[in-house]
1. Using +1 on the beta carbon of Lys and Arg, -1 on that of Asp and Glu, and nothing else charged, what's the dipole of the range 61-203 about the Cα centre, debye to 20?
2. Measure nothing but the geometry: give the 0 to 90° angle between the long axis through the Cα atoms of 209-220 and the longest principal axis through the Cα atoms of the chain, rounded to 10°.
3. Of TYR242, TYR138, TYR40, which has the largest mean-square fluctuation in a 10 Å C-alpha GNM of the chain?
4. If you plug each phi of the range 35-46 into the Karplus form 6.51 cos²θ - 1.76 cosθ + 1.60 with θ = phi - 60°, what whole-Hz ³J(HN,Hα) values come out, in order, with x for Gly and Pro?
5. Where both residues lie in the chain, what percent of DSSP beta bridges are antiparallel, nearest 5?
6. Return one number: the angle in degrees, 0 to 90 and rounded to the nearest 10, between the long axis of the Cα atoms of helix 67-76 and the longest principal axis of the Cα atoms of the chain.
7. Report the relative contact order of the range 87-189, percent, no decimals, based on alpha-carbon pairs under 8 angstrom and at least 6 residues apart.
8. Say the dipole of the chain comes from +1 at the beta carbon of Lys and Arg and -1 at that of Asp and Glu; which of GLY236, SER160, THR201 then lies farthest toward its positive end?
Amino acid sequence: MKLEKFSKEIRRETLRCLHSQGSGHVGGSLSIVDLLAVLYEKHMNVDPADPRKEDRDKLVLSKGHAGPALYATLALKGFFPLEWLDTLNKLGTRLPSHVNINLTPGVDMTAGSLGQGLSCACGLALANKAKGLDGHVYVITGDGELQEGQNWEGAMFAGSKHLNNIIVFVDSNKMQIDGLTKDVIDIEDIEAKFDAFGFVTQRVDGHDHKAIDAAIKFAKKQKKQPSCIVLDTVKGKGVSFYETMGIGVHSTNVNDEQYELALKELK
């Protein structure tokens, strides 16, 4: 129940953030909320009072347009005031539309063009090993994002260097901005691809807290290989009218009426 409550809180604050702008990346933000809830409630070794502590776990949000969900999570965990959520992408904000390590406490890597996060995570994980640090590096990618070739260069590097301190999550919500992922460029079988690069792979329901938790625990036990956890998710998860919008929910309105209806569903 605690994780269910936390997930609802994250979804409410995510929509608060997007409502402040009137629109934004609703679908892919809501689809990763359950993962964020499990990570920050049960696994992330982080300290809001010391966001840069050297031995912390790090999160690379490679699908950086889902920043509102991460902002909501970080605010709820005390990294910065909840009031910041009302400033998304506004002049002078600390919360740009894509996450920025130089602006937001708790953000560990800037996200720009899609596909770069895993490569950045490899550098962070390699540095941890060089320094003798035990922290894990978690990476959240999207299924559409995996169409970018640099992901596979990063996967090849992580596998060849046996970076067992990397755990990659694929938010497999089956959609991207231009359509269904399978119709744009079909990337399945994702597990087989990561297997081929030397990863230990799992696939679970991305909205099942217990399944996500168990998969992370298993991944953290791996001593010789990086891990990939494919999460089957629903774009816009948690709000019925967003869940049924299809690809239109990738980036859409959060007007006053929609916001109030969503909050009623998320009580």
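1. Working: 11 positive and 16 negative charges, 112 e Å.
With Lys and Arg at +1 and Asp and Glu at -1, about 540 debye.
2. So the inclination is approximately 30 degrees.
3. Its mean-square fluctuation being the largest, the pick is TYR40.
4. Rounded to whole hertz, the list is 4, 4, 4, 5, 4, 7, 8, 10, 10, 5, 8, 9.
5. Bridges in the chain are about 15 percent antiparallel.
6. Around 90 degrees separate the two axes.
7. Values: 127 pairs, mean separation 23.2, N = 103.
Here the relative contact order equals 23 percent.
8. So the residue we want is SER160.
The values are calculated or read from the model by the stated rules, or taken from the named source; none is laboratory data. Computed from a predicted structure; not experimentally measured. Because the Cβ atoms are built from the backbone with ideal geometry, glycine has one as well, and the counts that use them run over all protein chains shown. The protein model used for the area step is the full one, side chains on, heavy atoms only, and it has no ligands, DNA or RNA in it. Shrake-Rupley method; radii C 1.70, N 1.55, O 1.52, S 1.80 Å.
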